[in-house]
Amino acid sequence: MDTEIVELIELATPYLSAAVATYGAAVLRRAEDAAVGVAVEGTAGLGQRILQLVWRRRDEEGRAALEGVVQTAAEEPDDADAAEALRHQLKRALQEDAELARELAALLPAQGGVTVNVSGARAIGAQHIGIAASGDNTTIHPTQ
């Protein structure tokens, strides 16, 4: 499979999951509403726009398949297989339509930023840091 398609699917997955979790199976109907100018913001909104884009570019058979996997993913939100089926439908659509892949890439936020995840008591996370102290009775002595 083309590396670009794999990357697009990985980038799109959180947005698709949020859209299905927020709107359930109605996300496709909401996608049709969005086509006539109803704007939705945030992660779920982007997922909705992605599904709308794919929905509009599919034939009747492709739309039915997409509808089925969205329905299953909405009914079984913790089922990894249902999520994988949705990603598979996206993969098929992207493999069959190079222009769709370009349009999806344009919809997704630019990558290359920095993400810092921190957890735990007194954890410190930063991209660039000078002095950081995370303890009781810490003394910092300036250097000359």
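Looking at (1) surrounded by fewer than 10 Cβ atoms within 10 Å (Cβ to Cβ); (2) at pLDDT 90 or above; (3) aliphatic (A, V, I, L, M), find the lone condition where Ala123 falls short.
(2)
Are there any pairs with C-beta distances below 7 angstrom linking a residue in the range 58-79 that is without any contact (Cβ under 8 Å) to a residue 60 or more places away in the chain to a residue that is assigned to a loop (DSSP other than H, G, I, E, B), with the two at least 6 apart or on different chains, and if so which?
If the second residue must be assigned to a loop (DSSP other than H, G, I, E, B), the pairs left are Leu66/Arg58.
Go through the range 1-112 and tell me which helices (runs of 4 or more DSSP H), entirely inside it, have 2 or more residues that are modelled with pLDDT of 90 or more.
Working: elements: 3-23, 27-35, 42-57, 60-75, 80-96, 98-107.
Output list reads 3-23, 42-57, 60-75, 80-96, 98-107.
Mind listing whichever residues of the range 50-99 are over 16 Å from the mean Cα position of the chain (by Cα), crowded, with 19+ Cβ neighbours inside 10 Å and either more than 14 Å from Ala26 (Cα to Cα) or not hydrophobic (A, V, I, L, M, F, W, C) (or both)?
Passing the criteria: Arg58, Ala93.
The values are calculated or read from the model by the stated rules, or taken from the named source; none is laboratory data. This is a predicted model, so every value here is computed, not measured. A quick note on method: Cβ atoms are made from the backbone with ideal geometry, for glycine too, and the neighbour counts reach across all protein chains shown.
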